[in-house]
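A short write-up of the structure that comes next.
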There are 2 protein chains.
Amino acid sequence: MAKNLVRAGYALTVYNRTRAAAEALAGELVSIADSPSQVAERSDIVITIVTDSAAVEEVIGGPEGVIQGIKPGSVVVDMSTISPAVERTLDKELRSRSATLVDAPVSGGDVGAIKGTLAIMAGGTRKAFDRVLPLFEAMGKTITYCGPVGNGQLTKLCNQILVSVNLVGVSEAIVFARKNGLDATTMIKAVEGGAAGSWQLSNLGPKVVDKDFDPGFMIDLIQKDLRLVLEAAGAASVALPAASMVHQLFTSAQAFGHGRDGTQAVSQIVSRLSNLE
Amino acid sequence: MAKNLVRAGYALTVYNRTRAAAEALAGELVSIADSPSQVAERSDIVITIVTDSAAVEEVIGGPEGVIQGIKPGSVVVDMSTISPAVERTLDKELRSRSATLVDAPVSGGDVGAIKGTLAIMAGGTRKAFDRVLPLFEAMGKTITYCGPVGNGQLTKLCNQILVSVNLVGVSEAIVFARKNGLDATTMIKAVEGGAAGSWQLSNLGPKVVDKDFDPGFMIDLIQKDLRLVLEAAGAASVALPAASMVHQLFTSAQAFGHGRDGTQAVSQIVSRLSNLE
């Protein structure tokens, strides 16, 4: 993502906990900072992308965090997938320093990040969004303004409900096919062009059939996201029978050591329920 | 479907319980029969498409059914969506008369039937399939040979697992979005191009948002198909936690009078769980 910004002509100050990762980017347009606060001191727009809510709280709000160095008028863009509530809290803290937050989680994986084809779902003021839009256009393809701070995260969580529930449906169809003597590859080809068609079926279905569990997107990470889904759902009194059951099946996948496998390894749990290898 | 066969140059003998429906097709290439057995007497290939297993048993195996008039060497093609086990039984009965069965359920709805773009999933001997393939090509677009008799139905049932589980995921994502203050249409547009994308999301998602419950495909019919799924799954010891829960949500939709609405009306049940209109 940083490389795509440089390619678009932006000068960057970068920080990474693993300094070597930052130094790998160093060049004419890229200088290295010693802390997130130093990045903020030297920048008008600060972008963060880390693993979870705690990491974002540390990088933005921690003792050497972005807020410590933020300049009035700056925009902080958090592209991690974390709790919408945490984004709203951090936005309040930034506002007390005359700065503002845009939450802008992404989907599209490593490949999308490299190719600059990420989907970016952004929440914040319209003004802040418009200001950072050219940067988003350097990193992504489908860029959507979703409303106030937190709405980017909420949209990403909708994405995670959709992918995870559908993937379990794909797994069940494949187990049903196999135990009934169908060739699962033929089944997928027969139905993927119609109303049963989906990205999950066409892209992960064949991996389920081949027992190729390379991630893609790891089960430990979808579980983190489903916890965020159920937390936000609980806060808004939203009952999600399918998503919560799917979360349990992924928990079973973790129990069987599939945490660092791709999400499609949940099919092993669905298979195992029917005594199928 | 009959019109598309005539358009391709085939001469038909047609029968319908409602004689007027048959007579509407009458013309140079189309004559009317008084019973399914009379159709069989005058045909080399007999095609049936009716509502459920009982109706197929009547039309093929009943007192005035196809078997009563079948000629040795004929192929019966049943394009209904019914029990795979019933197809296998009917095939055995036909074999005792030196005829054979191809089960070939379709997907693609009224529109696909009219335009000749149906997906056709066929089970039977390879020889029988090859013989009827030119007729399938007049009625459909994606035509897949799925293996022995019954495998067309099993493939169609996989299709129904996929559409119904995914549709509940779509409903949950939209309820989650609405109760959290997102614009659901914006959410769909933000995610449909990526890993969350599916036919159900792009085609039925907007109808869920607009509360447009015109069928499409009726809940009473997906319920019939999900009963076939669970029956075939039970017979093969396949546990389907998501599909069976989805079947229950559709049952609730029927309880609230949505049986003759489109499948997307299941979203009303998912909404109601969260006290959302």
>> Give me the one-decimal nm value for the distance between modelled label points at A:Leu133 and A:Ala255, 7 Å along each residue's Cα-to-Cβ direction.
In response: 4.9
> Along the charge dipole of region B:71-225, Cβ charges K/R +1 and D/E -1, which of B:Leu94, B:Ala190, B:Gly152 sits furthest on the positive end?
Replying inline: B:Leu94
>> Taking R0 as 41 Å, what FRET efficiency do you get between A:Ala85 and B:Ala55 from their Cβ-Cβ distance, rounded to the nearest 0.05?
In response: 0.15
>> Under a Cβ-only charge scheme (Lys and Arg +1, Asp and Glu -1), can you give me the dipole magnitude of region B:38-147 about the Cα centre, in debye to the nearest 20?
In response: 440
> Long-range amide H contacts for A:Ser83: which residues qualify at under 5 Å (H placed 1.01 Å from N, peptide plane, sequence gap of 5 or more or a different chain)?
Replying inline: A:Ser53
> Distances from A:Ser252 to the same residue in each other copy, label points 7 Å out along Cα→Cβ, in nm, shortest first?
Replying inline: 2.1
>> Counting only other residues whose beta carbon sits under 15 Å from that of B:Arg42, what net charge do I get with K and R as +1, D and E as -1?
In response: -3
> DSSP beta bridges in region A:2-149, what fraction antiparallel, as a percent rounded to 5?
Replying inline: 20
> Peptide A:238-251: average number of partner chain Cβ atoms within 10 Å per residue?
Replying inline: 5
>> Taking 0.36 nm per residue of sequence separation and subtracting the Cα-Cα distance, how much length would be gained by fully extending the chain between A:Lys211 and A:Arg17, in nm to one decimal?
In response: 66.3 nm
> What percent does the relative contact order of region B:154-273 come to when contacts are Cα pairs within less than 8 Å and at least six residues apart?
Replying inline: 37
> Under the definition of partner shielding as Cβ atoms of other protein chains within 10 Å of a residue Cβ, what is the mean value for peptide A:100-111?
Replying inline: 1
> For region B:1-75, which GluC sites (Glu not before Pro) are in a loop by DSSP, counting at most 10 other Cβ atoms within 10 Å?
Replying inline: B:Glu28
>> Taking 21 Å as the cut-off for C-alpha to C-alpha distance, list the pairs among A:Lys71/A:Lys127; B:Lys3/B:Lys71; B:Lys141/B:Lys207; B:Lys71/B:Lys127 that go past it.
In response: B:Lys3/B:Lys71; B:Lys141/B:Lys207
>> Less than 20 Å from a label point 7 Å out along the Cα-to-Cβ axis of A:Gln248: which backbone N atoms in region B:219-254 qualify, by residue?
In response: B:230, B:234, B:238-252
> Just how much of A:Cys146 is accessible, in Å², when a 1.4 Å probe is used and the result is rounded to the nearest 10?
Replying inline: 20
>> Which one, B:Ala55, B:Gly73, B:Val14, is farthest towards the positive end of the dipole of region B:2-149 when Lys and Arg carry +1 and Asp and Glu -1 on their Cβ?
In response: B:Gly73
> When Cβ neighbours within 10 Å are restricted to other protein chains, what is their mean count per residue of peptide B:197-205?
Replying inline: 5
> What is region B:2-149 by shape, rounded, prolate or oblate, if you read a ≥ b ≥ c off the alpha carbon gyration tensor as root eigenvalues and call it rounded for a/c under 1.5, prolate for a/b larger than b/c, and oblate otherwise?
Replying inline: rounded
> Under a plain spin-label model, where a point goes 7 Å from the Cα along Cα-to-Cβ, how far apart in nm are A:Ile114 and A:Ala236?
Replying inline: 3.5
> Considering only DSSP beta bridges whose two residues both sit in the protein assembly as shown, what percent are antiparallel, to the nearest 5?
Replying inline: 25
>> Restricting to Cα pairs below 8 Å that are 6+ residues apart, what does the relative contact order work out to for region B:61-215? Please round to a whole percent.
In response: 17
> What trypsin sites (Lys or Arg not before Pro) does region B:1-83 have in DSSP loop regions with at most 16 other beta carbons within 10 Å?
Replying inline: B:Arg17, B:Arg42
> What nm value, rounded to one decimal, do you get for the distance between A:Ser202 and A:Asp34 when each label is placed 7 Å out toward the C-beta?
Replying inline: 5.2
> How big is the B-A contact in terms of buried accessible area, both chains counted, 1.4 Å probe, rounded to the nearest 100 Å²?
Replying inline: 4600
> Where in chain A are the DSSP H helices whose C-alpha atoms run 30 Å or more along the long axis and whose mean Kyte hydropathy is at least -0.5?
Replying inline: A:151-179
>> Probe of 1.4 angstrom, ligands and nucleic acids ignored: what's the accessible area per residue over region A:76-188, in square angstrom?
In response: 31
>> At 1.4 Å probe size, with the rest of the protein present, what percent of the exposed accessible area of the protein assembly as shown is carbon and sulfur atoms?
In response: 50
> Cα to Cα, under 17 Å, and not fewer than 8 places away if on the same chain: which aspartates and glutamates meet these conditions relative to B:Lys156?
Replying inline: A:Glu172, A:Asp183, A:Glu192, B:Asp52, B:Asp78, B:Glu87, B:Asp103, B:Asp110, B:Asp220, B:Asp225, B:Glu231
> If you place +1 on the Cβ of every Lys and Arg, -1 on the Cβ of every Asp and Glu, and leave all else neutral, what size is the dipole of the protein assembly as shown about its Cα centre, to the nearest 20 Debye?
Replying inline: 340
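The values are calculated or read from the model by the stated rules, or taken from the named source; none is laboratory data. As the structure is a computational prediction, the values presented were derived from the model and not from experiment. As a convention, Cβ positions derive from the backbone with ideal geometry for all residues, glycine included, and neighbour counts pool all protein chains shown. Just so you know, the surface numbers come from the protein's heavy atoms only, side chains and all, with ligands and any DNA or RNA stripped out. Shrake-Rupley method; radii C 1.70, N 1.55, O 1.52, S 1.80 Å.
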